[in-house]
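Peer 1: Structure incoming, see below.
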Amino acid sequence: MTRQAWRIASATFVLVALAALIESLRYGFLDRLGPGPGFFPTCISVVMGALAVALLWQGGRPEGAPDDADGAVPRGDEAWRVLRVMVGLLAALVLLGPLGFRLTMLLFLLYLPLSLGARSVWAISVLALAGSFGVFHVFYYWLRVPLPVGAFGI
Amino acid sequence: MEALQFWLDGLRVATTPTNLLFALIGSLLGTVIGVLPGIGPAAGTAILIPLTFKLDPIPAIIMLSAIYYGAMYGGTITSVLVNVPGEATSVITCLDGYQMAKRGRAGAALGISAIGSFIGGTVATVALMVVALPLASLALTFGPPEVFALLVVGLSLATSLAGRSMLAALLMMCFGLLLALVGMDPVRGAPRFSFGFAALYDGVGFIPVAMGLYGIGEILLSVERPYQEIIRTKLSSLLPTREEWRRSVGPIGRGTVLGFFLGLIPGVGAVIPTFVAYILEKRVSKHPERFGTGAIEGVAAPETANNAYATGAMVPLLALGIPGSPTLAVLMGAFTINGITPGPLLFREHPDLVWGVIASFYVGNIFLIILNLPLVGLWAKLLEVPYQYLYAGVLLFCIVGAYSTRQSIFDVGLMMLFGVLGYVFRKLDWPLAPAVLALILGPMLEQTLRTSLEMSGGDLGIFVTRPITAAFLILAAVILAGSAMRAMPLRKLA
């Protein structure tokens, strides 16, 4: 499984290197003072592409890449837990602007422990309140670090 | 004598009540980070950077440095008490530390670990004072070609020692360099790779990337198989017996020397000194069969080497501006956020800061030994916090940290993207350190390369005709060739 993942990752990097190379060529390799803005990116893109191709080739050989049975891809409960965290993070990202820090974090900190199997209402509530309104207060008022305020003024 | 005078001035800075307080807070927070599984020192330091935003640079750096070496000690506690290494450098301590705990000698294991860490850290700080200033003075004579070649050595070391596939490590380095290119061209000022996003004109922020790769990535990995079952051991007297003392003297001495010198080499990483110290002790021991069954030497040597390394690794960071490990790269990012550029000029431009920070290492080491032994039971209790709450709290601080650096929701998204990438790279066993180091060193690498070529009118010969540059580049080539040869028998590892 890992070997397959290596191949996919290497192929992705080949594409990234190719895109970077095309973009780099727009910047000018040399100018009248010497190396231009595209000089270093072009060099890096070429080296990166070559390495990714080599890794792709290596990953295709049986002895080239590890083939750990203890999976690169999580399954069952493991996968669900990872997915729940990712969903929570994505939702927090989307809501941070419109709802502001306090409400977003309140929802995030209610959702995440619950979705991971925590069942103590008291502990979850304390964490959610302290982590949203409490942290906002500390950073915004004490440390003078501006955190986002949402459409409701919260 | 000059260094001593500077150090005395630094001690005055480090012992002001404010700086003492922040060293104390940093030591405590660092220990907590070290204790908690799933949060490594790099992630922990990155997450706590926002706490220093409104501080003056000196207390901010003192606090973050204290977090760094506090974390190095904290990992030991759980290794000994519950056989769970708080961070990677404590893995080797589990072997004998936990066996000692099972025989009722947990206190002695923690005691010798704290004492060894204190001695290693303190002696290494003296060595740092001796080495750093001459090295910084030497580095001031370097021109762009020499600096470029030195950076190549640093990157090649980081690449060669990270992970089991050298190709993957090199690819990750290129990935980091490519990320470093996003934003304004450092020489001509033209935007690159910004694709019309104004948020990318300032480049890819180091903090969101580091927090994502290390913080979010670690949490995603940990949440797959969270720690649940903790085997408890009793904590008895914290003082080793006379016999244990006798057996620990040599390992502490050797661990100090080894840790410090390995710390001087950028890219070695914090884990290798602990393993080398352990292996060395096993080799020189008259009773190697004791190792793995609760030999105190197996705790004293790696723990001492670990803290000596942590201090030694500050030498290339402070004197040359080259971070030797991901945690130090994060620390370097914190320096930059506070308007300070680590490197040879630091000793000239900010002597109060650099010597204050160096002197604070002594203070921090004293705090660690005074606080940690009585508080061992409390630290072990932290492991009882259910992972659901712990990870939610860590993610909260990641979001705060990523946002507050530039007040940008875009950076929060960037951190999450890199969190997923960090998770994937870990699953693939591709090393993160080369990418992080390349991201932070990339702009300097490009600038020195291009300036060198402008100096020579585009002639690459400038890198071989200057003796120091040529020597550095040959060294880098030797390092890479050696690593490539080591990487050949991959089929045996796979």
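Peer 1: In this structure, is residue B:51 in a helix (DSSP H, G or I), over 20 Å from residue B:269 (Cα atoms) and in contact (Cβ under 8 Å) with a residue 40 or more places away in the chain? Show your work before the answer.
Peer 2: On the way: in a helix (DSSP H, G or I): yes; over 20 Å from residue B:269 (Cα atoms): yes; in contact (Cβ under 8 Å) with a residue 40 or more places away in the chain: no.
Here the answer is no, as residue B:51 does not meet what is asked.
Peer 1: Could you list, in sequence order, the residues of the range B:429-445 that are facing chain A (nearest Cβ under 10 Å) and either buried (at least 20 other Cβ atoms within 10 Å of the Cβ) or among the hydroxyl-bearing types (Ser, Thr, Tyr) (or both)?
Peer 2: Once the filter is applied, which keeps residues that are facing chain A (nearest Cβ under 10 Å) and either buried (at least 20 other Cβ atoms within 10 Å of the Cβ) or among the hydroxyl-bearing types (Ser, Thr, Tyr) (or both), the range B:429-445 yields B:430, B:438, B:442, B:445.
Peer 1: I need the full set of residues from the range B:285-314 which are outside any loop (DSSP other than H, G, I, E, B), at pLDDT 90 or above and β-branched (Val, Ile, Thr), in order please.
Peer 2: Result: B:299, B:304.
Peer 1: So which of B:413, B:393, B:482 is more than 7 Å from chain A (Cβ to nearest Cβ) and more than 15 Å from residue B:217 (Cβ to Cβ)?
Peer 2: B:482
Peer 1: When the residues of the range A:29-55 are filtered to those that are surrounded by fewer than 16 Cβ atoms within 10 Å (Cβ to Cβ) and farther than 26 Å from residue B:169 by Cβ, which remaining residue is nearest to the other protein chains (Cβ to nearest Cβ)?
Peer 2: Per the criteria, the residue is A:33.
Peer 1: Name the single residue that is farthest from the chain's Cα centre (by Cα) among those in the range B:167-197 being among the aliphatic types (A, V, I, L, M) and modelled with pLDDT under 85. Before the answer, list the steps.
Peer 2: So the first thing to find is which residues in the range B:167-197 are among the aliphatic types (A, V, I, L, M), and the list is B:167-173, B:177-182, B:184, B:187, B:190.
Imposing the further condition that a residue be modelled with pLDDT under 85 reduces the set to B:187, B:190.
Numbers: B:187: 30, B:190: 33 Å.
Checked the range B:167-197; the qualifying residue farthest from the chain's Cα centre (by Cα) is B:190.
Peer 1: Take the residues in the range A:95-154 that are at the interface with another protein chain (Cβ under 10 Å from one of its Cβ atoms), polar (S, T, N, Q) and in a helix (DSSP H, G or I), then tell me which one is farthest from residue B:50 (Cα to Cα).
Peer 2: Result: A:115.
Peer 1: Has the range B:93-114 got at least one residue that is more than 14 Å from chain A (Cβ to nearest Cβ), over 26 Å from residue B:307 (Cβ atoms) and assigned to a helix (DSSP H, G or I)?
Peer 2: Scanning the range B:93-114 turns up no residue that is more than 14 Å from chain A (Cβ to nearest Cβ), over 26 Å from residue B:307 (Cβ atoms) and assigned to a helix (DSSP H, G or I).
Peer 1: Tell me the residue from B:175, B:193 that is within 9 Å of chain A (Cβ to nearest Cβ), buried (at least 24 other Cβ atoms within 10 Å of the Cβ) and closer than 23 Å to residue B:424 by Cβ, please.
Peer 2: Just one listed residue meets the conditions, B:175.
Peer 1: Restricting attention to the range B:415-460, which residues are at pLDDT 90 or above and of a type in the set (Val, Ile, Thr)?
Peer 2: Scanning the range B:415-460 gives B:420, B:424, B:448, B:451.
Peer 1: Consider the range A:81-93. How many of its residues are in contact with a helix residue (DSSP H, G or I) (Cβ under 9 Å, 6 or more places away or on another chain), more than 8 Å from every other protein chain (Cβ to nearest Cβ) and aliphatic (A, V, I, L, M)?
Peer 2: 2
Peer 1: I'm trying to understand the selection: among the residues of the range B:334-384, which are outside any helix (DSSP H, G or I) and under 18 Å from the mean Cα position of the chain (by Cα)?
Peer 2: Within the range B:334-384, the first condition is being outside any helix (DSSP H, G or I), and the residues that meet it are B:338-343, B:350, B:373-375.
Listed by number, the residues that qualify are B:341, B:342, B:343.
Peer 1: Can I ask one more? Going by what's in this entry, would residue B:448 be described as surrounded by 18 or more Cβ atoms within 10 Å (Cβ to Cβ), within 22 Å of the chain's Cα centre (by Cα) and of a type in the set (Ser, Thr, Tyr)?
Peer 2: no
Peer 1: A further question follows. Quick one: how many residues across the range B:346-384 are closer than 30 Å to residue A:121 by Cβ and in contact (Cβ under 8 Å) with a residue 60 or more places away in the chain?
Peer 2: Of all residues in the range B:346-384, those closer than 30 Å to residue A:121 by Cβ come to B:377-384.
Checking which are in contact (Cβ under 8 Å) with a residue 60 or more places away in the chain leaves us with B:377, B:379-380, B:382-384.
Number satisfying all stated conditions: 6.
Peer 1: Here is a follow-up. State whether the residues of the range B:403-423 include one that is touching a Pro at 6+ places or on another chain (Cβ under 8 Å), free of Cβ contacts under 8 Å to residues at least 12 places away in the same chain and not in a helix (DSSP H, G or I).
Peer 2: yes
Peer 1: Would you say residue B:65 is assigned to a helix (DSSP H, G or I) and farther than 25 Å from residue B:431 by Cβ?
Peer 2: Taking the combined requirement at face value, the residue does not satisfy it.
Peer 1: Pairs please, first residue from the range A:88-117 and farther than 18 Å from residue A:130 by Cα, second anywhere and outside any helix (DSSP H, G or I), Cβ atoms under 7 Å, 6+ apart in sequence or on different chains.
Peer 2: A:97/A:148; A:98/A:150; A:98/A:151
Peer 1: Taking the conditions exactly as written (crowded, with 24+ Cβ neighbours inside 10 Å and of a type outside the set (D, E, K, R)), does residue B:127 satisfy them or not? Show your work before the answer.
Peer 2: Working: crowded, with 24+ Cβ neighbours inside 10 Å: no; of a type outside the set (D, E, K, R): yes.
Answer is no for this residue.
The values are calculated or read from the model by the stated rules, or taken from the named source; none is laboratory data. For clarity, every value in this text was computed on a predicted model and none was experimentally measured. Here the Cβ is made from the backbone with ideal geometry for all residues, glycine too, and neighbour counts use every protein chain on show.
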